[in-house]
1. I'm checking my understanding of the structure. Among residues of region 128-140 that are surrounded by fewer than 24 Cβ atoms within 10 Å (Cβ to Cβ) and of a type in the set (A, V, I, L, M), which one is nearest to ILE213 (Cα to Cα)?
2. Within region 240-253, how many residues are without any contact (Cβ under 8 Å) to a residue 40 or more places away in the chain, surrounded by 12 or more Cβ atoms within 10 Å (Cβ to Cβ) and either assigned to a helix (DSSP H, G or I) or touching a Pro at 6+ places or on another chain (Cβ under 7 Å) (or both)?
3. Of all residues in region 273-296, which are farther than 14 Å from ALA71 by Cα and either aliphatic (A, V, I, L, M) or surrounded by fewer than 20 Cβ atoms within 10 Å (Cβ to Cβ) (or both)?
4. Which condition number in (1) part of a helix (DSSP H, G or I); (2) closer than 20 Å to PRO72 by Cα; (3) free of Cβ contacts under 8 Å to residues at least 24 places away in the same chain; (4) over 19 Å from the mean Cα position of the chain (by Cα) is the one that ASP201 fails?
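None of the figures in this text is laboratory data; all of them are computed from the coordinates on show. Model, not experiment: these values are computed from the prediction. Positions of Cβ are generated from backbone atoms using ideal geometry, with glycine treated the same way; all protein chains shown enter the neighbour counts.
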Amino acid sequence: MNLETENAMSSQHTDVTSPKRTAELEELLIDAEADDEQVQQTQPILRRPWLLLLGLILVALNLRPALSSMAPLLSEVSKSLGLSAAQAGLLTTLPVLCLGLFAPLAPVLARRFGAERVVLGILLTLAGGIILRSAFGEIGLFAGSVLAGASIGVIGVLLPGIVKRDFAKHAGTMTGVYTMALCLGAAMAAGATVPLSEHFDKSWSLGLGFWVIPALIAAIFWLPQTGQKHGAHNVAYRVRGLLRDPLAWQVTLYMGLQSSLAYIVFGWLPSILIGRGLSATQAGLVLSGSVIVQLVSSLAAPWLATRGKDQRLAIVIVMALTLAGLFGCLYAPIEGLWGWAIVLG
């Protein structure tokens, strides 16, 4: 299952026009996401593309640790703070819910301040959310989860657009690199958080708080990008007909459902595996291994799917493997768990 499939959906052309900005514009797109031919042909001048690439990778690495680091420690956190089952469920749901609730802020902020500056600022709010949830008790835990989820939701909208704008001739490859960085960050946090907490005298707060360090490092390396200027920031487009397009609804529902399944696995698979007899470290490693498999499948599956004219069979096969891996992890004998985790990944 590719947890980041939604970030690779990009190249469908829509009925888009580009009038002057007026109060009558309906739904605005981020300029970096636009399929307008004039914008696509206006290539930005990148002074240090290697630095941009490094910054993109480091930022992408930070878009999942705040989510995947909590799951292996959920039982310990709940016991430490006396959380009920409902509160534990809310704790895993809040950041994912915020991904969607705060994503619409991304184009508003990008048009006002520029995408690069927004990414830098939101990286700092992400770092603040990680600190808040790890150092300020129960209230800080929930407030920090909301802040972290909101931050990831905003950056997650902007970053793919920056990739397609600044690497237009290699958008497919760069999107794959971006997706691999997302998966790597999720895998690192899932596998390392419990060992880190044990290293710090079994302190779950320090284990969770550790992930502020890579967020701050990413902010430092992204800082030079805030000086880059791009001429298309104030371009706006009117999009018509999407609400009446059956294909748009089908794609939206499919992407939403598969993404929901992905975050359910993120949030609950380690807890379920702990209930089946694994230690917290083992459960985190299983989730980490399942996500690491996606470093290959996130590039291989789309490449194989595009070998034919119709991708429906490929999608059915991938979803069948996803369900087989999920049910194997939940119900199959524990001895074969790693095999099912690899199939799931």
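1. Here is the first cut: in region 128-140, the ones surrounded by fewer than 24 Cβ atoms within 10 Å (Cβ to Cβ) are 128, 131-132, 134-140.
Adding the requirement that they be of a type in the set (A, V, I, L, M) leaves 131-132, 135, 139.
Numbers: ILE131: 10, LEU132: 14, ALA135: 15, ILE139: 22 Å.
Across region 128-140, the extreme among qualifying residues is ILE131.
2. Of all residues in region 240-253, those without any contact (Cβ under 8 Å) to a residue 40 or more places away in the chain come to 243-250, 252-253.
Filter once more, keeping what is surrounded by 12 or more Cβ atoms within 10 Å (Cβ to Cβ): 245, 248-249, 252.
Restricting the remaining residues to those that are either assigned to a helix (DSSP H, G or I) or touching a Pro at 6+ places or on another chain (Cβ under 7 Å) (or both) gives 248-249, 252.
The number of residues fulfilling the criteria is 3.
3. Across region 273-296, the qualifying residues are ARG276, GLY277, GLY289, ILE292, VAL293, LEU295, VAL296.
4. ASP201 satisfies every listed condition except (1).
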